[in-house]
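Before any comments, here is the structure.
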Amino acid sequence: MSLGNAWVVLPNPAAAAGLARGARGLADEVNAVVVGADAALPGADLTVAVPAPPVGALAEGYAASIAELLQARGAQIVLLGADVSSRLLAGLVAARLGTSALTVQGVAVEGDGLVVSRTAYAGLATTTERPAGSPAVLVVAPGVLPAQEEAGAGRVEHVDMAPAPEPLRVVEVRPKAGEPVNLAAATRVVGVGRGFADEADLRLARELAAALGAELACSRPLAEGLGWLPTERYVGVSGATIRPDLYLAVGVSGQVQHMVGVNQAKVIVAINKDKNAPVFGQADLGVVGDLYDVLPALTNALAR
Amino acid sequence: MKVVACLKAAPEAEDIGTRPDRTLDLDKAAWKIGTYDLNTIEAARVLADETGGVAVGLSVGGPALASSKLRKDALSRGLDEFVVVSDEALADLDTFQTACVLRDALAGIDGVDLVLVGAGSSDVYAQQVGNELGALLGVATLNGVNKVTPAGDHLVVERPLEDAVQVIEVGLPAVLSLTSGINTPRIPGMRDVLAAGKRPTTEVSGLSAPAPSTDRTSLLAVEQVERAHRVVDGDTADVVAQLVDYLNSVGGAR
Ligand SMILES: Cc1cc2nc3c(=O)[nH]c(=O)nc-3n(C[C@H](O)[C@H](O)[C@H](O)COP(=O)(O)OP(=O)(O)OC[C@H]3O[C@@H](n4cnc5c(N)ncnc54)[C@H](O)[C@@H]3O)c2cc1C
Ligand SMILES: Nc1ncnc2c1ncn2[C@@H]1O[C@H](COP(=O)(O)O)[C@@H](O)[C@H]1O
């Protein structure tokens, strides 16, 4: 089953470019509004190209005009990515359409309508819901919608829009140094938590990860609060969801918000010095011990 | 500057039980101001102090907001006053409903310059209430804000994106959604707790929400994978030997 149309909205051509391919599984006709587009969005039948915002303005400033366009064209499903700009645009557009922007874990067409699933209670639970009005505005992370083959008709229409005269001005854009991270593809992952007393001590985890051929992941506080690792590396309800063969949690307490990101791993091993740490309740093997003793010895033993 | 910090109370996740039929047991879960809204209060306090202004808390919710413990806790963390919109009909709202009620409640607070919301509420973590509220109010709106500096009649904020950091001048009034890394919330001391008892809480009634954006057909606990739950303890050399054996047995070691 599919609906008549889906509209993908991108604040810049690089945001969530795969969404159009995924949308094909939901609707017969896939259209897109792409700010700053100079070509058709792969997978879309129609790409409405909106000029890039003038220097100092944000693409999110087009929200009111985009909402008007979506309404005028009878959009049934509106899809946006989960990056920071797309999320803001989603909320700004949804509110103007009189509805909530829904961050979905799953989306399908059943009967004559959409069914979405979302997490609730910090990741402990999942809901199934039917959007009540039209359009439904959905925030979709990569991987939620399987990509379809169809290329789309590839028509491009240029629509001129002026960003709202908002009292916002971008005065500087500093590039952020980043390393490519691909947690989703890793079969083994070492996850580090606040049990590490110092950023330099992460060396112990990096050496272990190298010995195991594993990727390094972390709990949210190490990425968001301490900034020791990039945000792409934290797993959990608000971070990445992974299902490796092995997840080795080191100095991670095992709170639900973290564990929902890894609880589909085949094997979970935990190293924690507190024998009552909740992580042991969710591990196949728990090692009660100080990571500063266990890690060097383990890396050594594995290297032998 | 008058800064309003929007706060959501939710049941503490660790204390939520799951029954064999995958329904949730919320009976033992205490309702608390969300972890990331402690950053919201802290940011409001700091900005109010920097500008010689006031920090006002605002929360919409069900009967759980009647708890004097919860109110005192919020006030002790740096609010000058707390506005509470509590009604049976306002429990469990979606983000658009919440944004609508917040807009109406804000209309009753004089001279608001800035509205701050948290990185995400601790139960649904939709990260949308601030964005939708900003659109409803028709004011400058940003999410993911990691730094706020007052600069005369406007603010300068930093907003990290995936690959860059934007520095943006924001005119007031504005709605900003913060990151959880923006600050470290203060831990209230004895004095703060005592002072909290003297700070005013204002109850607002008579507000209502529009219809929900979805019809919920089910709410079930996430299915758990069976785990072996073996625990080893003792001498490091010994536990490491067992760990290596185990990793070999599951094919986890190279
Ligand atoms: C809305 C919301 C969303 C969230 N989303 C996420 C998310 O997506 N991902 C996430 O990870 N968190 C998330 N959190 C945060 C989560 O609730 C926890 O605060 C966090 O996961 C805890 O991180 P931690 O285990 O590293 O730190 P802690 O809980 O502080 O645990 C540190 C552990 O290290 C152990 N330890 C200390 N020293 C040693 C040592 N020398 N050797 C061995 N062990 C040691 C301690 O016993 C302790 O168990 C979220 C929270 C909220 C409210
Ligand atoms: N019921 C509410 N009352 C007051 N503020 C709220 C409420 N719900 C959400 N917020 C604010 O909006 C932020 C984001 O919430 P959410 O969109 O649900 O993740 C929270 O951190 C709060 O600051």
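The values are calculated or read from the model by the stated rules, or taken from the named source; none is laboratory data. All figures in this text were calculated on a predicted structure; none of them were measured in a lab. When we count neighbours, we look across all protein chains shown, and the Cβ atoms used for this are built from the backbone with ideal geometry, even at glycine. All accessible areas refer to the heavy atoms of the entire protein, side chains included, with ligands and DNA or RNA removed. Shrake-Rupley method; radii C 1.70, N 1.55, O 1.52, S 1.80 Å.
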* Report the label-to-label distance for residue B:249 and residue A:150 in nanometres (one decimal), using points 7 Å from each Cα along the Cα→Cβ vector. => 5.1 nm
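At a threshold of 8 angstrom on Cα-Cα distance, excluding pairs fewer than six apart, so keeping six or more, what relative contact order does segment A:97-252 reach in percent?
The value is 19 percent.
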* To do: In debye, nearest 20, what is the charge dipole magnitude of segment A:3-158 about its Cα centre with +1 on Lys and Arg Cβ and -1 on Asp and Glu Cβ, if you could check?
  => 320 debye
* Structure fact -> So the pair-distance distribution of segment A:3-158, from every Cα-Cα distance in 5 Å bins, comes to percents of 2, 10, 20, 24, 22, 13, 6, 2, 1, 0
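With respect to the cross-link table entries A:273/B:32; B:2/B:69; A:176/A:273; B:2/B:32; B:72/B:147; A:275/B:147, which display a Cα-Cα separation exceeding 32 Å? Present the calculation step by step, with values, prior to reporting the outcome.
Details: A:273/B:32 28 Å; B:2/B:69 25 Å; A:176/A:273 35 Å; B:2/B:32 25 Å; B:72/B:147 27 Å; A:275/B:147 38 Å.
In this structure, A:176/A:273; A:275/B:147 exceed 32 Å between Cα atoms.
Heavy atoms only, 1.4 Å probe, whole protein assembly: order A:188, A:220 by accessible area, highest first. Intermediate results must be reported in sequence, preceding the final value.
Numbers: A:188 50, A:220 25 Å².
The ordering from most to least exposed comes out as A:188, A:220.
Using a probe of 1.4 angstrom, how much of the accessible area of chain A is carbon and sulfur, in percent? Could the numbers behind the result be given before it?
On the way: 6040 of 12030 Å².
After summing per-atom areas, the C and S share lands at 50 percent.
Give the ranking of A:258, A:158 by solvent-accessible surface, highest area first, calculated with a 1.4 Å probe. List each step's numbers first, then the result.
Numbers: A:258 15, A:158 140 Å².
Order by accessible area, largest first: A:158, A:258.
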* FRET efficiency, residue A:38 to residue A:72 (Cβ-Cβ, R0 35 Å, nearest 0.05) -> 0.90
* Asked: Heavy-atom accessible area per residue, segment A:3-158, 1.4 Å probe: how many Å²?
  -> 34 Å²
* **Rounded to the nearest 10 Å², the accessible area of residue A:292 at probe 1.4 Å** => 80 Å²
* Taking the simple approach of a point 7 Å from Cα along Cα-to-Cβ for both residue A:157 and residue A:52, what is their distance in nm? -> 2.5 nm
* For the charge dipole of the protein assembly as shown, defined by +1 on Lys and Arg C-beta atoms and -1 on Asp and Glu C-beta atoms about the Cα centroid, which residue among B:221, A:126, B:190 has the Cα displaced farthest towards the positive pole? -> B:190
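About the Cα centre of segment B:170-242, what is the dipole size in debye to 20, counting +1 per Lys and Arg Cβ and -1 per Asp and Glu Cβ, all else neutral? It would help to have the intermediate numbers written out before the result.
Details: 7 positive and 8 negative charges, 116 e Å.
About 560 debye.
Could you state how much accessible area is buried at the A-B interface, both sides summed, with a 1.4 Å probe, in Å² to the nearest 100? It would help to have the intermediate numbers written out before the result.
Details: alone 15440 and 14750 Å², together 23330 Å².
Summing both sides, the interface buries roughly 6900 Å².
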* Structure fact -> Rounded to 0.05, the calculated FRET efficiency for the beta carbons of residue B:229 and residue B:208 at R₀ = 56 Å is 0.70
* Asked: Helix A:63-72 sits at what angle to the longest principal axis of chain A, using alpha carbons and giving 0 to 90 degrees rounded to 10?
  -> 60 degrees
* Report, in degrees rounded to the nearest 10, the 0 to 90 angle that the Cα long axis of helix A:202-212 makes with the longest principal axis of chain A. => 90 degrees
* Based on alpha-carbon positions alone, could you give the equivalent ellipsoid semi-axes of segment B:103-162 from the gyration tensor, as √(5λ), descending, whole Å? => 19, 19, 10
* Using only Cα atoms, find the angle between the long axis of helix B:236-249 and the longest principal axis of chain B, and express it within 0 to 90 degrees, rounded to the nearest 10. => 80 degrees
* Structure fact -> Measure of exposure for residue B:218: accessible area at 1.4 Å probe, Å² rounded to 10, is 40 Å²
* To do: Indicate, rounded to the nearest 5 percent, the antiparallel portion of the DSSP beta bridges found entirely in chain A.
  => 20 percent
* Relative to the Cα centre, what is the charge dipole magnitude of chain A, using +1 at the beta carbon of each Lys and Arg, -1 at the beta carbon of each Asp and Glu, and rounding to the nearest 20 debye? -> 540 debye
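Can you pull out the GluC sites (Glu not before Pro) in segment B:189-243 that DSSP calls coil and that have at most 10 other Cβ atoms within 10 Å?
When the GluC sites (Glu not before Pro) of segment B:189-243 are filtered for loop state and at most 10 Cβ neighbours within 10 Å, B:223, B:226 remain.
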* To do: State log₁₀ I(q)/I(0) for the protein assembly as shown at q = 0.10 Å⁻¹ as given by the Debye formula over alpha-carbon point scatterers of equal weight, solvent excluded.
  => -0.87
* Compute from the Cα atoms of segment A:113-260 the Rg and the Dmax, the latter being the longest Cα-Cα distance, and quote both in angstrom. => 20.2, 56
* Asked: Normalised by the residues of segment A:3-158, what does the relative contact order come to in percent, with Cα pairs under 8 Å and at least six apart?
  -> 30 percent
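When only C-alpha pairs under 8 Å and at least 6 residues apart count, what is the relative contact order of chain A, in percent? Don't skip to the answer; put the middle values down first.
Numbers: 683 pairs, mean separation 45.5, N = 304.
Result for chain A is 15 percent.
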* So how many Å³ per residue does the convex hull of the Cα atoms of segment A:183-303 work out to? -> 88 Å³
* **DSSP beta bridge pairing in the protein assembly as shown, given as percent antiparallel to the nearest 5** => 35 percent
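For residue B:164 and residue B:219, what does the FRET efficiency come to when R0 = 41 Å and r is the distance between their Cβ atoms, rounded to the nearest 0.05?
Working: r = 38 Å, r/R0 = 0.93.
Between residue B:164 and residue B:219 the formula returns 0.60.
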* **Spacing of the two label points (7 Å from each Cα toward its C-beta) at residue B:199 and residue B:241, in nm** => 5.8 nm
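Sorted by accessible area with a 1.4 angstrom probe, largest first, how do B:162, A:224, B:50 fall? Each step should come with its number before you reach the end.
Working: B:162 85, A:224 45, B:50 115 Å².
So the residues, ranked largest to smallest area, are B:50, B:162, A:224.
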* To do: Return the average number of partner chain Cβ atoms within 10 angstrom of each residue Cβ along peptide A:265-275.
  => 3
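With a cut-off of at most 15 other beta carbons within 10 Å, and DSSP calling the residue loop, which GluC sites (Glu not before Pro) in segment A:67-150 qualify? Please list them. Mind dumping the intermediate values first?
Numbers: sites: A:68, A:110, A:129, A:149, A:150; in loops: A:149, A:150.
For GluC sites (Glu not before Pro) across segment A:67-150 that sit outside H, G, I, E and B with at most 15 neighbouring Cβ atoms in 10 Å, the list reads A:149, A:150.
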